[in-house]
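The values are calculated or read from the model by the stated rules, or taken from the named source; none is laboratory data. Model, not experiment: these values are computed from the prediction. Reconstructed Cβ throughout: ideal geometry from the backbone, glycine too, with neighbour counts over all protein chains shown. Side chains included, ligands, DNA and RNA excluded: accessible areas come from the protein's heavy atoms. Shrake-Rupley method; radii C 1.70, N 1.55, O 1.52, S 1.80 Å.
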Amino acid sequence: MVKVGLTGGIGAGKSEVSRLLASYGAVVVDADKIAREVVEPGTPGLAAVAEEFGEDVLTPDGTLDRPKLGGIVFNDPEKLKALNAIVHPLVGARSAELEASAGPDAVVVHDVPLLTENGLAALYDTVVVVDAAPQTQLDRLVRLRGMAEDEAKSRMAAQATREQRLAIADLVIDNDGPLEALEPQVRAVWERLRGA
């Protein structure tokens with residue numbers, strides 16, 4: 001088994017890289033997807049979040065009001081730390097279960113947005129960073145995701161810097177260009193991972 005940590009700043013295109021790797025045969029363990037699962041209604045994770053941040057972070061139907069919670073935590077490092085202390089252990093446990101169920105010859109790609117911030121590089125055989133210039137990230141967040149510019153900048157500022165991510169990279173995928181320039185790079189990374 002080859003354990004790969006895949007990361008990149010918000011808007012860098014990590015999700016597209018993850019999708020391509022899965023299409024080639026990688027077993028993708030998506031931390032964001034798992035982070036949503038562990039705070040679904042009826043889970044201990046959601047109960048802990050509501051206890052920490054108040055019932056105001058729940059919608060009338062009992063689901064997590066992500067925009068409201070995001071507005072709280074992305075502007076307050078201490079509150080973000082409190083949220084991470086609840087969610088990260090739950091995500092880690094579920095990720096470990098999924099990895100354990102992959103075959104011995106699998107390339108397991110852990111899609112982890114906060115890999116750099118949480119000092120997780122040592123957990124992986126290879127760290128792949130999807131890189132894009134901050135201006136490219138901002139443009140994608142505003143133009144493609146419909147975020148307000150100040151919200152996009154706030155989310156970017158809450159993450160590791162580009163330099164910090166590149167410092168832990170074993171392999172870098174440059175995603176500053178168009179989508180068609182991405183696939184050949186991801187294919188080359190896949191071939192290297194299969195040969196590892």
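Backbone geometry of region 178-194 corresponds, through the Karplus equation with coefficients 6.51, -1.76 and 1.60 at θ = phi - 60°, to 3J(HN,Hα) couplings of x, 4, 5, 7, 7, 4, x, 5, 5, 4, 5, 5, 4, 4, 5, 5, 5 Hz, x marking Gly and Pro. Look at where the Cα atoms of region 130-182 and of region 1-45 average out, and the two centres are 17 Å apart. Whose amide H sits under 5 Å from the amide H of residue 28, counting only residues 5 or more places off or on another chain, with H placed in the peptide plane? It is 109, by chain and number.
Ligands, DNA and RNA left out, the 1.4 Å accessible surface of region 23-103 is 55% carbon and sulfur atoms. Principal-axis analysis of the Cα atoms of the chain puts helix 14-24 at an angle of about 50° to the longest axis. Database remark: amide H of residue 173 closer than 5 angstrom to the amide H of 129, 130, 131 (H placed geometrically; neighbours at sequence offset of 5 or more, or on other chains; Pro and chain starts carry no H).
The Cα atoms of region 81-196 give a gyration tensor whose axes a ≥ b ≥ c have a/c of 1.5 or more with a/b no greater than b/c, which makes the shape oblate. What is the helix-to-structure angle for 44-53, meaning the angle in degrees between its Cα long axis and the longest Cα principal axis of the chain, kept from 0 to 90 and rounded to the nearest 10? With rounding to tens, the tilt is 60 degrees.
The 3J(HN,Hα) values that the Karplus relation (6.51, -1.76, 1.60; θ = phi - 60°) gives for region 162-168 are, in residue order, 4, 4, 5, 5, 5, 5, 9 Hz. Gly and Pro appear as x.
These residues, 40, 183, go from largest to smallest accessible area, 1.4 Å probe, as 40, 183. Solvent-accessible area of residue 68, all protein chains in place: 100 Å² (probe radius 1.4 Å, heavy atoms, ligands and nucleic acids excluded).
The structure-derived value of mean projected area of the Cα convex hull in nm² appears in the list (i) 17.4; (ii) 11.1; (iii) 12.1 under the label (ii). Rolling a 1.4 Å probe across the protein heavy atoms gives region 43-196 an accessible surface of 55 Å² per residue.
Label sites at residue 1 and residue 68, each approximated as a point 7 angstrom past Cα along Cα to Cβ, lie 3.9 nm apart.
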